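The structure under discussion appears below in the form of structure tokens.
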Amino acid sequence: MAVTKFDPVHYQLVKADGRTLHANVEVTIATDSNDAEKAVQIALDVKMADGNHLESSFHMRRDMAFNFAHRTREELKDMKVLHDGEHAVNASNIFMQSKEYDALFKKIRDSLNIDPTETIDLGRYLRDGD
């Protein structure tokens, strides 16, 4: 089994005022190059500013690995952590705004031996989502 675990990514969410802490988020990513259906596992550990502690995790198919940042944001929304108005102050690699995201995505692609030109199963994506 070729499982690769990445160092956790830490970031903070702040309220719309841009200063008030909303939550501290830790994202842990692991890949399994031998399991195309559960190739990427993402675990979220959230410590809310009000003291609540939330955890969640999900898997992604190998061909959908490119979508890890979007799925992470969607999971935070499902957990009621990320709302309109909050934003990440140091989460560029999860919010796809910088070279850090590119570097993390390259590590995921490399660990899964994905060629950047590989296609996704578009029919399955449109039918089932990611």
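The values are calculated or read from the model by the stated rules, or taken from the named source; none is laboratory data. Just so it is clear, the structure is predicted and the values come from calculations on it, not from any experiment. With ideal geometry, Cβ positions are generated from the backbone for all residues, glycine too; neighbour counts draw on all protein chains shown. Just so you know, the surface numbers come from the protein's heavy atoms only, side chains and all, with ligands and any DNA or RNA stripped out. Shrake-Rupley method; radii C 1.70, N 1.55, O 1.52, S 1.80 Å.
Taking the stated definitions as given, is I108 in contact with a Phe, Trp or Tyr (Cβ under 6 Å, 6 or more places away or on another chain), at pLDDT 85 or above and open to solvent by less than 60 Å² (accessible area, probe 1.4 Å)? Let's see the steps before the verdict.
Numbers: in contact with a Phe, Trp or Tyr (Cβ under 6 Å, 6 or more places away or on another chain): no; at pLDDT 85 or above: yes; open to solvent by less than 60 Å² (accessible area, probe 1.4 Å): yes.
Spelling it out, it is not the case that I108 is in contact with a Phe, Trp or Tyr (Cβ under 6 Å, 6 or more places away or on another chain), at pLDDT 85 or above and open to solvent by less than 60 Å² (accessible area, probe 1.4 Å).
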| request: Show the residue pairs that are 6+ apart or on different chains and have beta-carbon atoms under 7 Å apart, the first residue being within region 105-126 and in a loop (DSSP other than H, G, I, E, B), the second being of a type in the set (G, A, S) and surrounded by 11 or more Cβ atoms within 10 Å (Cβ to Cβ). | output: L112/S33; L112/A39; L112/A65; N113/S33; I114/A65
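Tell me which residues, restricted to region 1-57, are aliphatic (A, V, I, L, M) and modelled with pLDDT under 90.
Step one: filter region 1-57 for residues aliphatic (A, V, I, L, M), giving 1-3, 9, 13-14, 16, 21, 23, 25, 27, 29-30, 36, 39-40, 42-44, 46, 48-49, 54.
Passing the criteria: M1, A2, V3, V9, L13, V14, A16, L21, A23.
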| task | Report the residue count in region 1-14 for those that are in a loop (DSSP other than H, G, I, E, B) and either within 15 Å of the chain's Cα centre (by Cα) or buried (at least 18 other Cβ atoms within 10 Å of the Cβ) (or both). | result | 3
| field | strands (runs of 3 or more DSSP E) wholly inside region 15-84 that include at least 2 residues being of a type in the set (A, V, I, L, M) and surrounded by 16 or more Cβ atoms within 10 Å (Cβ to Cβ) | value | 21-32, 40-48
